[in-house]
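Notes to accompany the following structure.
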Amino acid sequence: MSNWTNTALLFPGQGSQEVGMGADLAQAYPAAREIFEQADDILGEHFSRLCWEGPAEVLNDTYNTQPALYITSMATLRALEATIGPVRPAAVAGHSLGEITALAAAGALSFADGLRLVRERGRLMKLAGERQPGAMAAILGLEAEEVRAVCAQASQETGQSLVLANDNCPGQVVISGDITALERGMALATAAGAKRVVRLEVSIASHSPLMASVAAEFRAAVEATPLREPVVPVIGNVSAAPLTDVAAIREELGAQLTSPVRWTENMTYLLANGVSRFVEVGSKDVLSGLIRRISRDAARVTLNSAGALAEFAAAFLA
């Protein structure tokens, strides 16, 4: 099993956070604990305690959620590397904020610089939500093109913005935008035959034009972040293609806040280029569930606990 040529690492985004994330890893693996300690030093607060003990309402604040997920995924990766040696997958990808984690995992930026960028991303997205409150909803059972038509109709009828924000997998997409337009879009999606329409527990309209008020500020933060060429391919959410140099990375991240996450295309690209095993690195198992909907033949591994990591490492080293 000790072969990475057919394997991609995946890093989760918002929605994968939970109180207790990373606690057992930090207890079992010194390399993981060191990442949490570094994060506490960089952020100037006991951030590890928030990940491990909550409270949930504070952890679920966008400003905190984004660094929490980044830290936990990087701690998991460092624990894996300390156990089995260098990890050189065929490619890496991350969902939304997880794209920055993927870039750090690929060596395109340092852990510290990635953490500072993620913290600033969370701050700015929260600020955008305060300036222009929005909402998001998951649409199950309609294809992306049908949902784009729903968004266009809702936008036209209300005069407000509504877009397809996340194309997660066939039959599961997320819409994002103005609250009035979103409510109209939810009704139109139901009328169009959606199996379920679920409003998400968020107060920001991620990956929509409502993030535009902070886009320039985030682009400036990206420009100020030291970047290097990644040592393995990173598949971009915006481009659905490999980010092979620093210019491409800066362009991708600069467009990310207002552009859709093309996750289905990200995974289809990897499958078409020889990836047959996907290892999700971090809290929960959201991305593994999406992969199951995209390809039932693909092998899925979830490294979301000390036990899961130990089991994977034992099989890898066997």
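The values are calculated or read from the model by the stated rules, or taken from the named source; none is laboratory data. Since we're looking at a predicted model, the values are computed, not measured. Don't worry about glycine lacking a Cβ; one is built from the backbone with ideal geometry, like all the others, and counts go over all protein chains shown.
Only one entry of Ala247, Ala310, Ala221 meets the criterion of being modelled with pLDDT of 95 or more, among the hydrophobic types (A, V, I, L, M, F, W, C), assigned by TED's automatic domain parsing to the domain that holds Ala91 and in contact with a Lys or Arg (Cβ under 8 Å, 6 or more places away or on another chain), and that entry is Ala221.
The set of residues from the stretch 257-276 being buried (at least 18 other Cβ atoms within 10 Å of the Cβ) and over 28 Å from Gly177 (Cβ atoms) comprises Leu270, Val275.
Residues that are touching a His at 6+ places or on another chain (Cβ under 8 Å) and part of a helix (DSSP H, G or I) within the stretch 257-276 comprise just one, Trp263.
Give the stretch 88-108 a look and list any residue that's surrounded by 24 or more Cβ atoms within 10 Å (Cβ to Cβ) and of a type outside the set (Gly, Ala, Ser), or say none. Answer for the stretch 88-108, where residues must be surrounded by 24 or more Cβ atoms within 10 Å (Cβ to Cβ) and of a type outside the set (Gly, Ala, Ser): Val92, His95, Leu97, Glu99, Ile100, Thr101, Leu103.
Matching residues to (1) within 18 Å of Thr101 (Cβ to Cβ); (2) under 17 Å from the mean Cα position of the chain (by Cα); (3) small (Gly, Ala, Ser):
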position	(1), (2), (3)
Ser213	no, no, yes
Glu229	yes, no, no
Val238	yes, yes, no
Leu257	yes, yes, no
Trp263	yes, yes, no
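Scanning the stretch 31-67 for residues that are within 17 Å of Asn304 (Cα to Cα) and under 21 Å from the mean Cα position of the chain (by Cα) turns up Ala32, Ile35, Phe36, Ser48, Cys51, Trp52, Thr65, Gln66, Pro67. Figure legend. Inter-residue proximity from the stretch 113-142: first residues at positive phi, second residues assigned to a loop (DSSP other than H, G, I, E, B) and not polar (S, T, N, Q), beta-carbon distance below 8 Å, spacing 6+ or different chains. Indicated pairs: Gly141/Gly171; Gly141/Gly193; Gly141/Ala194; Gly141/Lys195.
Condition first: in a helix (DSSP H, G or I) and either in contact (Cβ under 8 Å) with a residue 60 or more places away in the chain or under 28 Å from Leu59 (Cβ atoms) (or both). Can you find one or more residues in the stretch 298-306 that meet it? Yes, there is a match, as at least one residue in the stretch 298-306 is in a helix (DSSP H, G or I) and either in contact (Cβ under 8 Å) with a residue 60 or more places away in the chain or under 28 Å from Leu59 (Cβ atoms) (or both).
Within the stretch 112-124, does at least one residue satisfy the condition of being of a type in the set (A, V, I, L, M, F, W, C), over 23 Å from Asn166 (Cβ atoms), crowded, with 22+ Cβ neighbours inside 10 Å and in the same structural domain as Val246 (by TED's automatic domain parsing)? Checked against the condition, which is being of a type in the set (A, V, I, L, M, F, W, C), over 23 Å from Asn166 (Cβ atoms), crowded, with 22+ Cβ neighbours inside 10 Å and in the same structural domain as Val246 (by TED's automatic domain parsing), the stretch 112-124 yields at least one hit.
Just one of the listed residues (Pro67, Pro89) is at pLDDT 95 or above and either over 22 Å from Asp245 (Cβ atoms) or in contact with a Pro (Cβ under 8 Å, 6 or more places away or on another chain) (or both), namely Pro67.
With respect to the conditions (1) within 19 Å of Val214 (Cα to Cα); (2) in contact with a helix residue (DSSP H, G or I) (Cβ under 7 Å, 6 or more places away or on another chain); (3) outside any helix (DSSP H, G or I); (4) small (Gly, Ala, Ser), Ser176 falls short on a single one, namely (2).
So, in the stretch 220-239, how many residues would count as being in a loop (DSSP other than H, G, I, E, B) and either in contact with a His (Cβ under 9 Å, 6 or more places away or on another chain) or of a type in the set (Asp, Glu) (or both)? Qualifying residue count for the region: 2.
Every residue, every condition in (1) assigned by TED's automatic domain parsing to the domain that holds Glu57; (2) under 27 Å from Leu9 (Cα atoms); (3) in contact with a helix residue (DSSP H, G or I) (Cβ under 7 Å, 6 or more places away or on another chain), yes or no:
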{"site": "Leu142", "(1), (2), (3)": "no, no, yes"}
{"site": "Glu146", "(1), (2), (3)": "no, no, no"}
{"site": "Gln160", "(1), (2), (3)": "no, no, yes"}
{"site": "Leu164", "(1), (2), (3)": "no, yes, yes"}
{"site": "Lys195", "(1), (2), (3)": "no, no, no"}
{"site": "Ala216", "(1), (2), (3)": "yes, no, no"}
{"site": "Gly236", "(1), (2), (3)": "yes, yes, yes"}
{"site": "Leu243", "(1), (2), (3)": "yes, yes, yes"}
{"site": "Leu253", "(1), (2), (3)": "yes, yes, yes"}
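Beta carbons closer than 9 Å, at least 6 apart along the sequence or on distinct chains, pair a first residue in the stretch 226-248 that is within 13 Å of Pro89 (Cβ to Cβ) with a second that is among the charged types (D, E, K, R) and not in a helix (DSSP H, G or I) for Pro230/Asp245; Val231/Arg88; Val232/Arg88.
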